[in-house]
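One structure is given below, encoded as structure tokens.
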């Protein structure tokens with residue numbers, strides 16, 4: 001089985017039939033991990049599909065293979081890609097990474113100025129996030145929207161979060177900031193331009209040195225030739 005056997009697309013109203021299966025798998029997966037994250041209702045997931053704020057992966061035989069949805073906080077200033085789940089029948093083929101990449105692109109399309117963030121304890125998710133350009137940050141850099149933090153109440157580590165005044169917990173906070181990325185891109189372009197300019201200057205100097213060398217060599221040849229003939233003449237006269 002390869003990733004080419006799957007269709008990974010923004011979810012549409014026609015996909016709401018998968019909502020209950022997806023919610024059941026989310027619940028079972030959370031229970032198996034012992035995270036205790038709040039159970040999402042099929043109606044909630046279906047609404048995300050209808051709004052076009054989700055990505056679904058489908059196997060070529062029509063079975064759902066994976067899912068993730070978009071949540072917004074702070075009036076759209078912050079975006080989170082939540083509820084990532086892969087059908088157990090289709091794991092180990094790279095679906096999680098492909099789904100995360102597609103929902104990241106969808107988030108950028110819908111909310112180009114928003115900061116995209118996530119909280120996770122999963123090393124695999126951290127690795128995918130890092131590859132997408134997310135960077136580890138402190139909790140203070142995340143949304144302070146109370147509705148977001150209410151979602152942590154059913155987590156087994158919620159007491160730890162409260163005891164640390166929401167400044168730290170077991171999850172690693174990761175953030176993709178469009179302002180930072182734009183600045184980094186400009187700096188990269190500037191560095192490339194400066195490197196190109198330095199290379200051009202070096203090339204010009206090398207070209208000039210070659211021309212000078214050629215002229216010196218030509219003058220030297222003329223000098224040698226002229227003096228060689230004079231030397232021959234002196235020898236003959238002697």
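Values in this text are rule-based calculations from the coordinates and carry no lab data. Predicted model only: the values in this text are computed from it and were never measured. Positions of Cβ are backbone-derived with ideal geometry, glycine not excepted, and every protein chain shown enters the neighbour counts.
Quick notes
- Meeting the requirement of 2 or more residues that are farther than 16 Å from residue 79 by Cα, the helices (runs of 4 or more DSSP H) wholly within the stretch 100-165 are 123-132, 158-163.
- Residue that is nearest to the chain's Cα centre (by Cα), among those in the stretch 67-79 that are outside any loop (DSSP other than H, G, I, E, B) and more than 19 Å from residue 50 (Cβ to Cβ): 78
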